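Each value in this text was obtained by applying a stated rule to the coordinates, not by laboratory testing. All of these numbers come straight from a predicted model, not from anything done at the bench. Note that each Cβ is placed from the backbone with ideal geometry, even for glycine, and that neighbours are counted across all protein chains shown.
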Amino acid sequence: EDNVSIGNEHLTVHFDENGFMNMISIHGETHALKQNFLYYDGALGNNEEFRNRSSGAYIFRPNGTEKTVTDVVEIQVVKSDLVQEVHQIFNEWISQVIRVYAGQEHVELEWLVGPIPIDDVIGKEIISRFESDIKSDGAFYTDSNGREMLRRVRNYRETWELDLVEPVSGNYYPITAKIAIEDDQSRLAVLNDRAQGGSSLVDGQLELMVHRRLLRDDAFGVGEALNETQYGTGLVARGKHWLFFGSSQKDASPTLQAKERFLQNKVLLPSWPFVTPVDNLLTYDDYL
Amino acid sequence: EAHLTALRDVMGVMQHHDAITGTEKQHVADDYARMLYEGFEACSVNTRSALNQLAGERDTLKFDWGYCKQANISACVMTENSDNILVLLYNPLGHSSNDFVRLPVKEGHYLVRNDRGQTVASTLIPIPSSVTDLPFRESEATHELVFQGEQVAPVGYKSYYVSKDESKKSLSTAEMRQ
């Protein structure tokens, strides 16, 4: 059958024949929008001098550029009136659910990563990368503790002449709540549910580091590799990203930024469900 | 007050940069998790008594309110093993909210009703196999019951009665395609 898509009255997310998200249709326009998981090998330095530190708890230092995880994703599509979901399996240790709830103007991506394999004795740092047709011209915006958005420019610092030794991690910034790119037409923002490293290494791209497992201490003090385990195997992490795509026009009401801020409040301070079993305690009429 | 102070003490320790950035040794990180858990557990007594007051506490009827600590792996002993549960949504924001609720349950037919006698639209979504296959996940939940909390007032709450009822079909069962 033709390729899969999920959505609601506001937006539709399309998937290509390999199971990857590849386009989004919103307000009558369709834009390229891809998402994929990739990983960096962690650098194994001898920690002797500063320029030869390993990637570890204190620093992110990839050994080379990103590597792909898979070319084909197995998917299962689940559709209902309240929510439509695509359950993706990238490989044995990376999966994700992409869902669109009824009436909502954002896409929710619930990722699940781990245990990160290390039988090749190489630490790995897993990222979720978004690619769009936005001409971001080297600029991207990262939040500052969930508040002001700071404008970042790739390979550049405002207050000194940058000699960039680390082309990837030198462009990574702390993303506590949101990272965004825009041009004079469109804006892409990704909200995260915990502090992550993030960047925009190519125009139109955003990436967030979701999980890492490293095998050598980076000699900044803790004296231990960042190699968290549970039940005798690597830690499994699960979290969410919320994605907004839309017009970057500032005269729209409400602007996309305003919608992002409302959603940020909702997802970081969600309604708290308390439950109590009432099997033989309370009938529905008693409850009323 | 002693419970709240216990959690305040823990949050005081969590101000350390190691606790925030994860640059502590593994056994220290595990100890931070233990301290936080104990602080939360201590304060669950406070939330339970507050919720019982809100729900109109009666001597005969005290609800053992809890929250699903393993919702992040789609597991919850209370919602998986009860045919009738009360769900109370507390909205901490300063404006109303209509979040979607996901309750880990076994397969079956569920009915969600609000406090005005109306049925709330709900659906059953299968939990992905990559979650149900997690080796350390000891849960019998195979699905999540999804419904949307109606406009919960700012700093307010709304309750729902969820019942498992073989005779009734949940309003919309999801259509599946591989």
Worksheet, complete the sentence: Per-residue Cβ contact counts at 10 Å, fewest first, order A:Glu224, B:Glu41 as B:Glu41, A:Glu224
Discussion item. For the pair A:Leu269/B:Ser96, report the inter-label distance in nm, with labels modelled 7 Å from Cα in the Cβ direction.
Written reply: 1.8
Practice prompt. Take the Cβ-Cβ distance between B:Val13 and B:Leu61 as r, set R0 to 45 Å, and report the resulting FRET efficiency rounded to the nearest 0.05.
Written response: 0.75
Worksheet entry | Residues B:Cys68, B:Cys43 arranged by fewest to most Cβ contacts within 10 Å | B:Cys43, B:Cys68
Worksheet item: Can you give the average number of partner chain beta-carbon atoms within 10 Å of each beta-carbon in peptide B:76-88, as a whole number?
Response: 4
Fill in: Pairwise FRET efficiency - A:Leu164 versus A:His10, Cβ, R0 = 30 Å, nearest 0.05
0.15
Practice prompt. Place a +1 charge on the Cβ of each Lys and Arg in region A:73-114 and a -1 charge on the Cβ of each Asp and Glu, then give the dipole magnitude about the Cα centre in debye, rounded to the nearest 20.
Written response: 40
Item to complete: Specify the inter-centroid distance of region A:225-275 and region A:155-213, based on alpha-carbon positions, in whole Å.
Response: 16
Worksheet, complete the sentence: Sorted by chain and number, the residues with a modelled amide H under 5 Å from that of B:Gln148, at a separation of 5 or more or across chains, are B:Val101
Worksheet item: When the Karplus curve 6.51 cos²θ - 1.76 cosθ + 1.60 is applied with θ = phi - 60°, which whole-Hz ³J(HN,Hα) does each residue of region B:62-70 get, with x for Gly and Pro?
Response: 10, 8, 8, 4, x, 10, 7, 6, 10
Practice prompt. Report the extension gain between A:Thr283 and A:Asn91 in nm, rounded to one decimal, defined as 0.36 nm multiplied by the number of residues separating them, less their alpha carbon distance.
Written response: 64.5 nm
Worksheet item: Which of the lysines could a cross-linker bridge to B:Lys106, judged by Cα under 16 Å and excluding same-chain residues fewer than eight apart?
Response: B:Lys164, B:Lys168, B:Lys169
Discussion item. If packing is taken as the average number of other Cβ atoms within 10 Å across a peptide's residues, how do B:114-124, A:145-155 rank, most packed first?
Written reply: B:114-124, A:145-155
Worksheet entry | Amide proton proximity set for B:Ser122, modelled H, under 5 Å, gap of 5+ | B:Leu171, B:Ser172
Worksheet item: Mind checking the mean number of beta-carbon atoms from other chains within 10 Å of the Cβ atoms in A:73-84?
Response: 6
Response to the item:
Ordered by fewest other Cβ atoms within 10 Å, a rough proxy for footprinting exposure, A:Arg212, B:Arg137, B:Arg8 read B:Arg8, B:Arg137, A:Arg212
Discussion item. Please list 3J(HN,Hα) in residue order for region B:82-95, calculated via the Karplus relation 6.51 cos²θ - 1.76 cosθ + 1.60 where θ = phi - 60°; whole Hz, with x for glycine and proline.
Written reply: 10, 7, 10, 9, 9, 10, 10, 9, 9, 9, x, 7, x, 9
Worksheet item: Under the rule of -39500 (n - 2.57) per DSSP H run of 4 or more residues, summed and divided by the residues of the protein assembly as shown, what mean residue ellipticity at 222 nm is obtained, to the nearest 500 deg cm²/dmol?
Response: -4500 deg cm²/dmol
Worksheet item: Per the protein assembly as shown: cysteines with no other Cys C-beta under 4.7 angstrom?
Response: B:Cys43
Worksheet, complete the sentence: Rounded to the nearest 10, the angle in degrees between the Cα long axis of helix A:256-268 and the longest principal axis of the Cα atoms of chain A comes to 90
Worksheet entry | Efficiency of FRET from Cβ geometry, B:Glu150 and B:Ala2, R₀ 22 Å, rounded to 0.05 | 0.05
Item to complete: Rank B:Ile125, B:Ile20, B:Ile73 by mean-square fluctuation in a GNM of chain B with C-alpha springs under 10 angstrom and give only the top-ranked residue.
Response: B:Ile20
Worksheet entry | Interchain or long-range residues, amide H under 5 Å from A:Ser186's placed H | A:Ser248
Worksheet item: Taking each residue of A:262-272 in turn, how many C-beta atoms of other protein chains fall within 10 Å of its C-beta, and what is the average?
Response: 5
Practice prompt. Please turn the phi angles of region B:113-129 into ³J(HN,Hα) values with the Karplus equation 6.51 cos²θ - 1.76 cosθ + 1.60 (θ = phi - 60°), one per residue in order, whole Hz, x for glycine and proline.
Written response: 10, 9, 7, 10, x, 9, 7, 9, 4, 9, 8, 10, 10, x, 6, x, 4
Worksheet item: Of B:Gly108, B:Gly12, B:Gly66, which is the most mobile in a GNM of chain B whose springs link Cα atoms less than 10 angstrom apart?
Response: B:Gly12
